[in-house]
2 protein chains.
Amino acid sequence: MIQSVDRAIRVLTALQGARRMSLSELAERLELPPPTVHGIVRTLVAHGMVVQDRSSSRYQLGPAVLRLGNVYLDTLELRSRSMAWAEELGRRTGFAVRVGVLMAEDVVIIHHEPRPDGSRQMPEVGIVIPANASALGKAMLAFLPDETDVLLAGPPLRSMTGATVADPDEFRRQLADVRKTGLAFECDEAVLGESCVAGAVFDSTGLAVGAVAVVVPTTEWPVSDAVTEAVRTTARTISRELGATRWPG
Amino acid sequence: MIQSVDRAIRVLTALQGARRMSLSELAERLELPPPTVHGIVRTLVAHGMVVQDRSSSRYQLGPAVLRLGNVYLDTLELRSRSMAWAEELGRRTGFAVRVGVLMAEDVVIIHHEPRPDGSRQMPEVGIVIPANASALGKAMLAFLPDETDVLLAGPPLRSMTGATVADPDEFRRQLADVRKTGLAFECDEAVLGESCVAGAVFDSTGLAVGAVAVVVPTTEWPVSDAVTEAVRTTARTISRELGATRWPG
DNA sequence: AATTACATTCGGCATTGTCGAATGATGCTC
DNA sequence: GAGCATCATTCGACAATGCCGAATGTAATT
């Protein structure tokens, strides 16, 4: 691990959390002397990854990271293969649809199909949800190859709401269910009033590369069998497009 | 400029251009020995900025860059202030609306309001357009503080279509017009069949921090005075929200 | 005007990253 | 299926590089 590169990324991550930071705040956060941080930030600024507000002289993320994010989306085969099916899933069920991938212990949303009722909704692409508190996350965690309860090995499960599963044994049982059916559920665990049904998506190597979910207001929970069936069908179809030969169940 | 950080960003930039690259391709592109690149890439992978495809062992951008991009958007005051007004501009004119910021010699789109005719359109947030070939770019370049024809100092203007302004003198004249009126125009210069009217957006320090534009099919070009007026009003309104005290004209 | 807080520059020291050479992994050819 | 070729990855010695204490510049505050 190259020290300065690692530090540079930690600068970006810090700015990700705090939006705008002065040099000394950054230095304190990273536990490094200000001149050291300054050198790193200088380099990031030169490439547009970070910009410095002229009036306050504080730093924040720059437009270059947006361009990177956009290219990432274009690169993802999962995304391009999902889009049409996600739209259909939304139309058939009447719910918003999310597609996500796993990043360490979180899920990153790579596609978002708004509810087809015409209501104005924020795009959710790029947002991050703790994997343990989301159906999308559970769907992928259940199929991690390295028999992973990495999550369970580390610090206790992050709790988002009162409904977040906190007990490791309960969590393991849920994952076992997911492995059987291919479907994962979440009710109020990440956001109150929001529940999801998710299906894992596999690629040709048989790994879970992503997951697709419908987002359901908890007032309409539990959903009909038709909806869970639609999620299952969508997840299986996308998997097949990616070259997967098998799907659970 | 810290060497290894600079190199890491150049790795990301290379992956941005080529989507997927093997280590040796990367090394050749950066003109560095493979082990050097490997160390950098290793660090990027550890943070999810880059992922390695298991089957082909090639590298591509990772989900962490998407999250960064999303946070950047959230941070931007310009974006949050623009959204409502961009929507109104779209409704009133019937055209798609873009909001962009300057990044070196390019414009990065930070907000995109689709044409309100209900047709399905790709989101354009994060895409990059050469500043010299776009109305958005001209609107901002005209007000760069350091009397900048940085663009004109460097290599010749990048040409996107036959209509791209290539002559430096002509370009300077256009910028002078923009300084007078606050509005910039573009007809087929970036993409054939696509024309734009853009207005610069200023912040409280009087600097052009962005620009807003309507995107018009060239078949409907030139647009009516009502449309250019609407763009001007929108740009001025957003500027005022950002604390600007004056606007050209 | 004086003071404080902060960003930024400078330069010597030693830590750090660099890159040639060696090893391991994978896929291709005969 | 053995041998070969290509590419990713590891290792380690050297010295170039980046690190950070001290000094300076800058801007806001009293």
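The values are calculated or read from the model by the stated rules, or taken from the named source; none is laboratory data. Predicted model only: the values in this text are computed from it and were never measured. So basically every Cβ, Gly included, is an ideal-geometry build from the backbone, and we count neighbours across all protein chains shown. Side chains included, ligands, DNA and RNA excluded: accessible areas come from the protein's heavy atoms. Shrake-Rupley method; radii C 1.70, N 1.55, O 1.52, S 1.80 Å.
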Residues of the range A:191-207 being within 22 Å of A:VAL165 (Cβ to Cβ) and surrounded by fewer than 24 Cβ atoms within 10 Å (Cβ to Cβ), in sequence order, are A:VAL191, A:LEU192, A:GLY193, A:GLU194
- Scan the range B:86-105 and give yes if some residue there is within 11 Å of chain A (Cβ to nearest Cβ), closer than 24 Å to B:VAL223 by Cβ and buried (at least 23 other Cβ atoms within 10 Å of the Cβ), otherwise no. yes
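Here are some residues: A:VAL11, A:VAL51. Which one is among the hydrophobic types (A, V, I, L, M, F, W, C) and touching a strand residue (DSSP E or B) at 6+ places or on another chain (Cβ under 7 Å)? It would help to see each step written out before you state the result.
Values: A:VAL11 fails: touching a strand residue (DSSP E or B) at 6+ places or on another chain (Cβ under 7 Å).
The unique qualifying residue is A:VAL51.
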Within the range A:33-49, of all residues that are open to solvent by 30 Å² or more (accessible area, probe 1.4 Å) and either of a type in the set (A, V, I, L, M) or part of a helix (DSSP H, G or I) (or both), the one farthest from DNA strand C (Cβ to nearest atom) is A:ALA46
Pairs returned, first residue in the range A:169-190 that is on the phi > 0 side of the Ramachandran plot, second residue that is of a type in the set (A, V, I, L, M) and surrounded by 14 or more Cβ atoms within 10 Å (Cβ to Cβ), beta-carbon separation under 9 angstrom, 6 or more apart or interchain, are A:GLY182/A:ALA139; A:GLY182/A:ALA142; A:GLY182/A:ALA200; A:GLY182/A:ALA235; A:ASP188/A:ALA163
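Filter the range A:50-99 down to the residues that are at positive phi and within 16 Å of DNA strand C (Cβ to nearest atom) and list them by number. It would help to see each step written out before you state the result.
Filtering the range A:50-99 for residues at positive phi gives A:57, A:94.
Within the range A:50-99, just A:SER57 meets the criteria.
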>> Looking for something more than 7 Å from chain B (Cβ to nearest Cβ), at positive phi and of a type outside the set (Gly, Ala, Ser) - is there at least one such residue anywhere in the range A:21-35?
In response: yes
Selection from the range B:229-244 of residues in contact with a helix residue (DSSP H, G or I) (Cβ under 9 Å, 6 or more places away or on another chain) and in contact (Cβ under 8 Å) with a residue 24 or more places away in the chain yields B:ALA230, B:VAL231, B:ARG232, B:THR234, B:ALA235, B:THR237, B:ILE238, B:GLU241, B:LEU242, B:ALA244
Filtering the range A:1-20 down to residues that are open to solvent by 10 Å² or more (accessible area, probe 1.4 Å), free of Cβ contacts under 8 Å to residues at least 40 places away in the same chain and within 20 Å of A:SER57 (Cα to Cα) yields A:ARG10, A:THR13, A:GLY17, A:ALA18
On the given criteria, is B:ILE127 aliphatic (A, V, I, L, M), out of contact with any Cys (no Cβ under 8 Å at 6 or more places or on another chain) and facing chain A (nearest Cβ under 8 Å)? yes
All conditions in (1) over 20 Å from B:SER4 (Cβ atoms); (2) open to solvent by less than 10 Å² (accessible area, probe 1.4 Å) are true of A:LEU26 except (1)
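Do you know which of the residues in the range A:37-61 that are among the hydroxyl-bearing types (Ser, Thr, Tyr) and more than 9 Å from chain B (Cβ to nearest Cβ) is farthest from DNA strand D (Cβ to nearest atom)? So that I can check it myself, show each step before the final result.
Going residue by residue through the range A:37-61, those that are among the hydroxyl-bearing types (Ser, Thr, Tyr) are A:43, A:55-57, A:59.
Imposing the further condition that a residue be more than 9 Å from chain B (Cβ to nearest Cβ) reduces the set to A:56-57, A:59.
Numbers: A:SER56: 8, A:SER57: 8, A:TYR59: 16 Å.
Taking the candidates together, the pick is A:TYR59.
What do you reckon, is A:ALA64 within 11 Å of DNA strand D (Cβ to nearest atom) and buried (at least 17 other Cβ atoms within 10 Å of the Cβ)? Let's see the steps before the verdict.
Numbers: within 11 Å of DNA strand D (Cβ to nearest atom): no; buried (at least 17 other Cβ atoms within 10 Å of the Cβ): yes.
It is false that A:ALA64 is within 11 Å of DNA strand D (Cβ to nearest atom) and buried (at least 17 other Cβ atoms within 10 Å of the Cβ).
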Here the residues within the range B:208-233 that are of a type outside the set (Ser, Thr, Tyr), open to solvent by 20 Å² or more (accessible area, probe 1.4 Å), farther than 17 Å from B:HIS111 by Cα and not in a loop (DSSP other than H, G, I, E, B) are B:PRO217, B:GLU220, B:ASP225, B:ALA226, B:GLU229, B:ARG232
When every residue in the range A:234-246 that is within 22 Å of the chain's Cα centre (by Cα) and within 22 Å of A:GLN174 (Cβ to Cβ) is compared, the one most open to solvent (accessible area, probe 1.4 Å) is A:ARG236
